1. When only alpha-carbon atoms count, how far does the stretch A:83-282 stretch along each of its three principal axes, as whole angstroms with the largest first?
2. Please order A:ASP180, B:ASP53 by the number of other Cβ within 10 Å, starting at the fewest.
3. Would you list which aspartates and glutamates come within 17 Å of B:LYS86, measuring only between C-alpha atoms, while excluding same-chain residues fewer than 8 positions from it?
4. Give or take rounding to whole Å, what are the principal axis extents of the alpha carbon atoms in chain B, in descending order?
5. Can you tell which of B:GLN68, B:GLN173, B:GLN113 shows the greatest fluctuation in a Gaussian network model of chain B with Cα springs below 10 Å?
6. When Lys and Arg each count +1 and Asp and Glu each count -1, what net charge do the other residues less than 15 Å away from A:ALA136, Cβ to Cβ, add up to?
7. Among B:LEU76, B:LEU42, B:LEU117, whose mean-square fluctuation peaks in a Gaussian network model of chain B (Cα, cutoff 10 Å)?
8. In what order do B:PHE199, A:PHE211 fall by count of nearby beta-carbon atoms within 10 Å, going from fewest to most?
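Throughout, read-outs are computed from the coordinates displayed, never taken from laboratory work. Bear in mind the structure is a predicted one, so any value in this text is a computation, not a measurement. Quick reminder, even Gly has a Cβ in these numbers, built from the backbone with ideal geometry, and neighbours come from all protein chains shown.
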Amino acid sequence: MRSLGPVLVVLAAICALWYLAAIWMNAAWVNDQAAREGREVFLVDLVTETLMQERPVLPAPHQVAKGLYDGVFGQAVTSKRSLVYHGWVTLSATLLGFAIGSAAGILLAVGIVYNRAMDLSVMPWAIASQTIPILAIAPMIIVVLNSLGITGIVPKAIISAYLSFFPVVVGMVKGLRSPDAMQLDQMRTWNASGMQTLGKLRLPASMPYLFASLKVGVAASLVGTIVGELPTGAVAGLGSRLLSGSYYGQTIQIWAALFAAALLAASLVALIGGLERVTLKRMGLAR
Amino acid sequence: MTALVILLGVWLGAWTLNSGLSEMRGSLPRRLVPVIFGLTILTLWQMAVRLYDISPVILPAPSDIGAQIANSLPTLWADFVQTFVKGALTGYLMGCSAAIAVAILIDRSPFLQRGLLPVGNFVAALPIVGIAPIMVMWFGFDWQSKAAVVVIMVFFPVLVNMVAGLKATEPMQRDLMSTYNASYWQTLAKLRLPAALPFLFNGLKIATTLALIGAIVAEFFGSPIVGMGFRITAEIGRLGLPMIWAEIAVAALAGSAFYGLVALIEKRATFWHPSQRN
């Protein structure tokens, strides 16, 4: 809590800078309008008019807040203009993909830790895959699956599963290997089987690593879903709000969708952070 | 049915070979096993496409992709220059230097650090690629808007790591510097910047992938008629899957090479760090 004050000051500074930038970037349009109407622009007019445009170059914070509020509370949740509707489309695909991706990642990590051939074969590729812009294949997956007749939530979920898969594999392998030789020897003196060592030592020991990689994975999943919504031509979802906003120059819509996506990402990461705290506390691992 | 038996046979054969190899000692099997695994996947891919007669608009065979790469080298090179050299690399250099500069600037103010770090950590987890349509509106369709997206994407991870790095010195070491009567800038240049390098390179390596992602995805929102992201979206419309895979292969190569280059520089620059010693 010691840092609450400084954070608030920084946020206030960002807001102030944002207002100044909005006035500066939107001024050209106001000046143009005024010159056309042959009237003079005073500073007061400039400020009020730059902050209340329909399609500003940079919407002011309060305009974005209003766009966000209208999108969330101002519409029926089933409406095509409701951010709740679009957010849910994105969230459901993200969650499905994240669940598939992290479950598969944990399974593969167990395999890698227990099978040397699998370790040597797969691990270098899993690490290398993190340096590759995997996101680039998202549009292709969507279109190919569409041509196979698979539409809706599944193609997007596949992309988001794919993006959360590798961080979870790499983090989980590290976690499953975190027990030291002494602890593994202890299990051996108790004549523990491989399954028992896994269930009673390796899995519990890997929890901090698992949660750290789940946080990375869920953020990646969300990005994957949003990018997966681009090539289908702006049907539904936060990604399509971004795209249609950029087609029609609706800057407030873009910023509102962007903040909705940011809120979604932040709450997903916070949710996993909360789960992490509770789990680690109950396991006595809390620091 | 026979096709499935053949595929399974190839898989089992390669797997038995890898199992045997991984029981052996020495560094050669360690290098060989992943290569064999990769080649097996490629072979199975090729055989599956040919045996099951999979249409190239769904999944082209690796040989088709190879032929496409060989046939369209000039296009691929032009796209690479536009997206990687102009968009990603420019943005990467600008974003990383800005982050390092800001980290050094706020280093003297604990207040700013306590305020900026949580914000930076928060922003680093957000889907920043979403800012791409805005940047395309502000900076136009050409590489400038892509570089702007990349700057924003790489800024926060590098900033957070650099600030952590500048804190990485021991009080004992700083005391030693002050017994030498070293000024703030001398301490910074001779002790704290070198000590921050391992942390900095961590951020720089994360940022390589982000830079490439940002540059490609930003092109999905509008681009001139050249660039890797543009080519991918354009070829999707024409169902030119081999060309898309060729672009992905180039992107993968560029991504790994970029990461490898930064890792190599790290090895040279932080040779003294325990993680680099064998």
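1. 69, 37, 27
2. Details: A:ASP180 10, B:ASP53 7.
Arranged by neighbour count, lowest to highest, A:ASP180, B:ASP53 become B:ASP53, A:ASP180.
3. B:ASP142, B:GLU219, B:GLU247
4. Reported extents, whole Å, longest axis first: 79, 56, 31.
5. B:GLN173
6. Charge balance near A:ALA136 sits at -2.
7. Result for chain B, Cα springs under 10 Å: B:LEU42 fluctuates most.
8. Numbers: B:PHE199 21, A:PHE211 18.
Placing the least packed residue first, the sequence is A:PHE211, B:PHE199.
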